[in-house]
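Some notes on the structure that comes next.
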Ligand SMILES: Cc1cc2nc3c(=O)[nH]c(=O)nc-3n(C[C@H](O)[C@H](O)[C@H](O)COP(=O)(O)OP(=O)(O)OC[C@H]3O[C@@H](n4cnc5c(N)ncnc54)[C@H](O)[C@@H]3O)c2cc1C
């Protein structure tokens, strides 16, 4: 394949303390948290609304906000009917083929609902999402990449910025692929149990001055199957925005931030950090 190099000089239009790229649950939480902590924030969103997958891909439901006992996404936040298989989310032709396939199958779903589900006899499709919702593609390598082991042992971290509990939920990418880890998904944690999310998982390796949240955090595929759902994005988004504001306003690098200070701010703003001692 032939390549071309592409380079562009971009005009600086605004001077802000914290620039947030993307207004999904993680980006919105980051922007709100950074602004609450005194930073001047710019939130850039390429679509016509905030919400990310929840709005533009019409993702149907927020997964768990609580572990059955504690409210985990305390600071901010308050009929998926089928899969399109075999889509490569890094390839625009594959995505196009996927969305054509999905739309073509919509009438079939409507017929199924009308004929087989009591109460849906007159149901009609009134809208489909603007984009194909894709759960995962590339992942960023961070200072710490969360692992399946962390899920099993309900890991605690000295630098944890929140805790979460949703089971590992990996969806089949082909019809004949059995969904992975059905036992973990079905059994999940007991009430009140959760795992910690370390601050280091928000810091991409080899970059300065960039912090990530939501489904960009450092986690291997299995662990991402738990930590990518929307309430967890609020948790990591709030932490990222708070840390970015602290870093910028104090002139301290993200890696040099006082974790205790960050945790203290997060707790004051409603985060669930049971291991934190004031
Ligand atoms: C099919 C599907 C079903 C799911 N079901 C559930 C569910 O039932 N419950 C649940 O809790 N979670 C569910 N999830 C997971 C959840 O929706 C996502 O993991 C979550 O939305 C990730 O949040 P985020 O903020 O990290 O990213 P996103 O929600 O992807 O938001 C990223 C935002 O950045 C914007 N953006 C991207 N590039 C640019 C750019 N260059 N410039 C400006 N803006 C940009 C996008 O437009 C988007 O608004 C599902 C996901 C999918 C795909």
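Numbers for the structure displayed
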| item | result |
| --- | --- |
| Members of the range 43-53 found to be within 6 Å of the ligand (Cβ to nearest atom) and closer than 19 Å to residue 212 by Cβ, listed by number | 44, 45, 46, 52, 53 |
| In the range 54-71, residue farthest from the ligand (Cβ to nearest atom) [restricted to those that are farther than 29 Å from residue 246 by Cβ and assigned to a loop (DSSP other than H, G, I, E, B)] | 69 |
| Residue 23 crowded, with 16+ Cβ neighbours inside 10 Å and more than 20 Å from the chain's Cα centre (by Cα) | no |
| Verdict on residue 38 being part of a loop (DSSP other than H, G, I, E, B), within 30 Å of residue 113 (Cα to Cα), over 17 Å from the mean Cα position of the chain (by Cα) and away from the ligand (no atom under 14 Å from the Cβ) | no |
| Any hit, the range 117-134, residues being in a helix (DSSP H, G or I) and over 20 Å from the mean Cα position of the chain (by Cα) | no |
| Residue tally, condition touching a helix residue (DSSP H, G or I) at 6+ places or on another chain (Cβ under 7 Å) and either under 20 Å from residue 234 (Cα atoms) or buried (at least 19 other Cβ atoms within 10 Å of the Cβ) (or both), over the range 148-189 | 11 |
| Condition check for residue 75: within 8 Å of the ligand (Cβ to nearest atom), farther than 21 Å from residue 139 by Cβ, under 20 Å from the mean Cα position of the chain (by Cα) and modelled with pLDDT under 95 | no |
| Residue among 214, 225, 241 that alone is surrounded by 24 or more Cβ atoms within 10 Å (Cβ to Cβ) and at positive phi | 214 |
| Every residue from the range 189-215 that is assigned to a helix (DSSP H, G or I) and out of contact with any strand residue (DSSP E or B) (no Cβ under 8 Å at 6 or more places or on another chain) | 214, 215 |
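The values are calculated or read from the model by the stated rules, or taken from the named source; none is laboratory data. Please read these numbers as outputs of a predicted model, since none were measured by experiment. When we count neighbours, we look across all protein chains shown, and the Cβ atoms used for this are built from the backbone with ideal geometry, even at glycine.
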